[in-house]
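The structure under discussion appears below in the form of structure tokens.
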Amino acid sequence: MKGHDSSDLARERDASVHVTGLLTSAFTAISHKAHARGNECNINFKMQFMLLFSRQGKLRLQKWYVPLSDVQKKKISREVIQMVLARKPKMCSFLEWRDLKIVYKRYASLYFCCAVEDQENELITLEIIHRYVELLDKYFGSVCELDIIFNFEKAYYILDEFILGGEAQETSKKNVLKAIEQADMLQEEAETPRSVLEEIGLT
Amino acid sequence: CFYFRLTLSNNTSLFLQQAKYISTCIDEIKQELKQDNIAVKANAVCKLTYLQMLGYDVSWAAFNIVEVMSSSKFTYKRIGYLAASQCFHEGTDVIMLTTNQIRKDLSSPNQYDTGVALTGLSCFVTPDLARDLANDIMTLMSHTKPYIRKKAVLIMYKVFLKYPESLRPAFPRLKEKLEDPDPGVQSAAVNVICELARRNPKNYLSLAPLFFKLMTSSTNNWVLIKIIKLFGALTPLEPRLGKKLIEPLTNLIHSTSAMSLLYECVNTVIAVLISLSSGMPNHSASIQLCVQKLRILIEDSDQNLKYLGLLAMSKILKTHPKSVQSHKDLILQCLDDKDESIRLRALDLLYGMVSKKNLMEIVKKLMLHVDKAEGTTYRDELLTKIIDICSQSNYQYITNFEWYISILVELTRLEGTRHGHLIASQMLDVAIRVKAIRGFAVAQMATLLDNAHLLTGNTQRNGICEVLYAAAWICGEFSEHLEDPMQTLEAMLRPKVATLPGHIQAVYVQNAAKLFATVLQKHEGETDSQVAQETSQLLIERLPLFVQSANLEVQERASCIIQLVKYIQKLQQKNVEVADEVTALFAGELNPVAPKAQKKVPIPEGLDLDAWINEPPSESESEDEKPKSKAVFAKEEPKHSRRHTEVDEKELARRREVRKQEQANNPFYIKASPSSQKVFDAPGVEHIPVVQIDLSVPLKVPGMPMSDQYVKLEEERRQKDKADKKKKDKKKKREKRGKGRKADSGPESEEDITPAQQVDIVTEEMPENALPSDDDDKDPNDPHKALDIDLDKPLADSEKLPVRTHRPEVLKSPAEDRENESIPQESKKKSSKEKKEKKKDKEKDRKRSKEEKKKKKKHKEVEEELMESQPEEAVQSEDTKEMAVPPTSAEASDLDFWLSSAPVPPAAQVRSLTLSPPPLLIPLSVCRVVNERLFCISPSGLSRFLTSLCLFSLLFTGLAHFCLFAYACFS
């Protein structure tokens, strides 16, 4: 099973380089520089990582709950993205990959993709993804891909309030949004208009 | 705009533009980072975070990130921590600098400062950070705000992983959090403990009653799923737990509407039932329930549910194949699904679906899929599955081996499959083990050899040519069945053969010799010896091609055989009869041997493999030997003999393990199929009893699928059998059969089907007293191994979490020391007093629990159900209630008590759970872990504990004296 997957992957990787051409070339350039750590960490947390990427295979958000080197992260995300993009629309949302399960769901042009360990419940992972999308939707008000690009830090903050260290920490949507709003308020109190936002608005 | 520009499309013309843009951006950011204005810096760091996500290396800015992190303004701190959590990893050296900053933020009065720090920490915690901050985080677990408590509890798990020593000191508080008033904190604690317990379940068995209570009371699906999963991990260690679980789980299965919970329950019930193995009779009901629910999942239009249903079904299949088989129709239906992953899952299940009756039908269906399949992965999967299904449990389900051989031959038409060797080994296996089929197999193999060019379109990479290996060997070995050995011989010596891989050529050459022997045998008696001489001539003409082969094996065999043939030719010219002598070269029948047989031959008593047979040669002798022996093999031979004599059993076993590991890891290593190996080890064949087969099927021209007609033939044959058998109610039966086949529930039972040929499957031979070997190895690198810590042992002082002090602990001031000293002494006295009291208490325990029962009327509904359903077990329900009382006293001992309320099968009474003599209770204030919480240790543990206390007090007084002395000296 796994053996086939890897060969399949290799094939798919070859096939779709052009899709992620930008990412891949950037990655390979860096992979020489970044120092790879010797021990491959195989710590299994509930959720290993979460990726958001567009239909073109561009990463929009990535969160890793396992300590991996940059090179490994890039390799993994590249593989996973290509694998998920190769899936046809009516296929089920679960994939077996290495010793992990990939659970993904597509919302409009964005793919939300989680890797959980083998014993994890796929349906609850799907639920987590959906919750997160709902949270984003509530926060931004019918969220779209651009919201996540321009306010990527907000998207991260929401994710961090929702999931901590690979575990869903708060199952109540209301509580998450409350925490985010209060933190935002604190931020506004503390400082004159946010410079990053300002720059986005102006330039 | 910065972010938008970065997201621009993947258009290649824009690519250069973008690369340029980014490099200017990075320059700009570098400038901004140099400024003193923190707002500008934070902005730059924010941009860097984005660039990092795009895959650019930003490790050079690590220090700037730390700067922003340490800003006092929340706005910047937030950005800083986000950047750190995205960019830092264990190798980042600046992390060392952050310890104090993080500690400051953790104790900040603003809960969001603390929250942000905790979130960040969860991403980049290192062993050092974990050690230094463990105590701070532990304190936060009792923070007033649930927001902080929740995060602190969750992050503790990461801390445990990085710094396992913190587990024991922190665990009591973590356990407290299971009963936190805030549901979020509670669920976080459940999460963490469940994660811990799943890795090292045996240390957490004592928590089972507590979790059981949570499970029956909680309504939060997220928590329920976690707990249920945990129980799945605990039950293999404690079978009685499984019995207790079945009922609440089945209740949940019935009642829940959440698919995720349902799925989890079904999974756990399956796991529990597997661990219980042959248990109580009413288990079949639970299995039926699971299968029914899974059927609903599979029938659902949602692909996800379908997939999961099939996945769970395959788990049931392992232990309860019967209950799955009744849903064969559904699973066959899934084979036609659009989704490949669903088809693959259904394929897994097919394995258990087959019977003698339907095997042909199912395989026929699979063959159709093979034809349709796009993509080699799926096709290869199909191929292996077909072979798996057919060959399972010694070809149990195959009634007609002619059919199977033709299926194998059809499979060779697959282009680009990687499983040539698999097909080949099947061919060999069947031909060797099923004597009656040899005639047919040889004929098929001969056609294969004749049409070898069809298989070897692109020789080097094509895995399918492995099949020729099997074909050549079968034709050679069983050549007496060949109709026209001359033609086959000719086919085997075609020049094209030289393009095949070496090991196949070697088999060709060797078997050409066998065929030669057969031809001689056949034609020698005849008056005209023309044919025999032609054959010798053919060999002499063609073999030189192989003598030139680069492959040593081929070369050696070819040159050997060519000399032999030349000699025979001479004899032939003198009209000497040689056939018998040549045939004698390949005499002897082969017996199949189990793949592991050699390994398992026991060493006879009194045989010492390590002992020298002769006097050990002196060093100088062995050196002398070297130059004498021949060039090529000189190095190899002495080495080999050495090894065999020196290495003992253990060492061998270890090496075997290592080798296996290596082979498993080496993607280039193709595992040799056992049957193809033994082929060469054994001597040739003499007279195999030829079983006459009535070949009702004409041999087929290659290229035409022919297995199908076997299905029809088989059908006819079976009907004929049937008709012969039961002439009396012939008509009736036939009608039924006709209907039955379509509905897949024919009245015909398995036993009714007799195999077409009375084939004798020679079972593989094993040495008499072979031992079953189980190679069980755990991953030594598993980080969770470090967390395999006994949590019921009392906490020693040395295990306290390091608290931040200005000086190392050893140099404490004398005043402090005295305080420390006095506490243990006091408590020591206390403990000895209380010991006696507690002993009495323990005896009264049961009485008291009964009284409590009367007082407490708030029982959980599920428990009441339990009671009602098992009225005869009145004593048990009492215990269940006792469990419902908050677990203030020794839970470990309660576990036995609690569990014993379930009927115990005699086998389960021998348990691994050892809680030894009656536990004593002493107050834990000594360990300053949790107030008023009682702790249980065994007498031996107690004495150890007391001695350690004494030692500590001695140490502290000694230190105090030393300090006083030093102080006196200095002043």
(message) Against the condition farther than 21 Å from residue B:485 by Cα, among the small types (Gly, Ala, Ser) and not in a helix (DSSP H, G or I), how does residue B:559 come out, does it pass?
(response) no
(message) Exactly one of these conditions fails for residue A:93: (1) in contact (Cβ under 8 Å) with a residue 60 or more places away in the chain; (2) facing chain B (nearest Cβ under 10 Å); (3) buried (at least 22 other Cβ atoms within 10 Å of the Cβ). Give me its number.
(response) (1)
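Among the residues of segment B:84-97, is any within 35 Å of the chain's Cα centre (by Cα) and of a type in the set (Val, Ile, Thr)? Quick ask: steps written out before the conclusion?
We begin by selecting, within segment B:84-97, every residue within 35 Å of the chain's Cα centre (by Cα); these are B:85-92.
Then drop every residue that is not of a type in the set (Val, Ile, Thr), which leaves B:92.
Yes, segment B:84-97 contains at least one residue that is within 35 Å of the chain's Cα centre (by Cα) and of a type in the set (Val, Ile, Thr).
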(request) Among residues belonging to segment B:90-110 that are crowded, with 20+ Cβ neighbours inside 10 Å and not hydrophobic (A, V, I, L, M, F, W, C), point out the one that is farthest from residue A:69 (Cα to Cα). (result) B:105
(message) Contact list please: Cβ distance under 7 Å, first residue in segment B:412-435 and β-branched (Val, Ile, Thr), second residue assigned to a loop (DSSP other than H, G, I, E, B), pairs at least six apart or on different chains.
(response) B:423/B:412; B:432/B:590; B:432/B:592; B:434/B:759
(message) When you check residue B:211 against the structure, is it more than 24 Å from the chain's Cα centre (by Cα), more than 11 Å from chain A (Cβ to nearest Cβ) and at pLDDT 85 or above, yes or no?
(response) yes
(request) Please verify whether segment A:148-162 includes one or more residues that are modelled with pLDDT of 85 or more and touching a Pro at 6+ places or on another chain (Cβ under 9 Å). (result) no
(request) Provide a single number: the residues in segment B:442-451 that are in contact (Cβ under 8 Å) with a residue 40 or more places away in the chain and either buried (at least 23 other Cβ atoms within 10 Å of the Cβ) or part of a loop (DSSP other than H, G, I, E, B) (or both). (result) 6
(request) Could you figure out which of (1) more than 24 Å from residue B:142 (Cα to Cα); (2) crowded, with 24+ Cβ neighbours inside 10 Å isn't true of residue B:246? (result) (2)
(message) Checking the condition touching a Cys at 6+ places or on another chain (Cβ under 9 Å), crowded, with 23+ Cβ neighbours inside 10 Å and facing another protein chain (nearest Cβ under 7 Å), which residue from B:65, B:79 passes?
(response) B:79
(request) Identify, from the list A:87, A:106, the residue that is in a loop (DSSP other than H, G, I, E, B) and more than 8 Å from chain B (Cβ to nearest Cβ). (result) A:87
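Any idea how many residues of segment B:91-106 are assigned to a helix (DSSP H, G or I) and either within 14 Å of chain A (Cβ to nearest Cβ) or in contact with a strand residue (DSSP E or B) (Cβ under 8 Å, 6 or more places away or on another chain) (or both)?
2
Which members of segment B:179-204 meet the condition of being over 32 Å from the mean Cα position of the chain (by Cα) and more than 14 Å from chain A (Cβ to nearest Cβ)?
Filtering segment B:179-204 down to residues over 32 Å from the mean Cα position of the chain (by Cα) leaves B:179-186.
Listed by number, the residues that qualify are B:179, B:181.
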(request) All but one of (1) crowded, with 18+ Cβ neighbours inside 10 Å; (2) over 23 Å from the mean Cα position of the chain (by Cα); (3) among the hydroxyl-bearing types (Ser, Thr, Tyr) hold for residue B:341, so report the exception by its number. (result) (2)
(request) Please tell me if residue A:68 is in a loop (DSSP other than H, G, I, E, B), over 26 Å from residue B:342 (Cβ atoms) and of a type outside the set (S, T, N, Q). (result) yes
(message) Being facing another protein chain (nearest Cβ under 8 Å) and of a type in the set (A, V, I, L, M) is the filter here; which residues of segment B:117-130 pass it?
(response) B:118
(message) Checking residue B:426 against (1) in a helix (DSSP H, G or I); (2) polar (S, T, N, Q); (3) surrounded by fewer than 23 Cβ atoms within 10 Å (Cβ to Cβ), only one condition comes out false. Which one?
(response) (3)
(message) Can you confirm whether residue B:58 is facing chain A (nearest Cβ under 10 Å), more than 17 Å from residue B:101 (Cβ to Cβ) and buried (at least 22 other Cβ atoms within 10 Å of the Cβ)?
(response) yes
(message) crowded, with 22+ Cβ neighbours inside 10 Å and either farther than 22 Å from residue B:196 by Cα or without any contact (Cβ under 8 Å) to a residue 60 or more places away in the chain (or both): which single residue out of B:270, B:296 fits that description?
(response) B:270
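Does residue B:314 meet the test of being more than 14 Å from every other protein chain (Cβ to nearest Cβ) and closer than 18 Å to residue B:267 by Cβ?
Values: more than 14 Å from every other protein chain (Cβ to nearest Cβ): no; closer than 18 Å to residue B:267 by Cβ: yes.
Here the answer is no, as residue B:314 does not meet what is asked.
Just the residues that are outside any helix (DSSP H, G or I) and within 30 Å of the chain's Cα centre (by Cα), please, taken from segment B:357-378. Write out each step before concluding.
Going through segment B:357-378, the residues outside any helix (DSSP H, G or I) turn out to be B:357-358, B:373-375.
The answer is B:373, B:374, B:375.
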(request) State which residue pairs qualify: first residue within 14 Å of chain A (Cβ to nearest Cβ) and inside segment B:322-343, second residue among the polar types (S, T, N, Q) and outside any loop (DSSP other than H, G, I, E, B) in any location, beta carbons under 6 Å apart, and separation of 6 or more residues or different chains. (result) B:339/B:303
(message) Looking at the structure I just gave you, is residue A:140 modelled with pLDDT of 85 or more and away from every other protein chain (no Cβ under 12 Å)?
(response) yes
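The values are calculated or read from the model by the stated rules, or taken from the named source; none is laboratory data. Quantities reported herein were computed from a predicted structural model and do not represent experimental measurements. Here the Cβ is made from the backbone with ideal geometry for all residues, glycine too, and neighbour counts use every protein chain on show.
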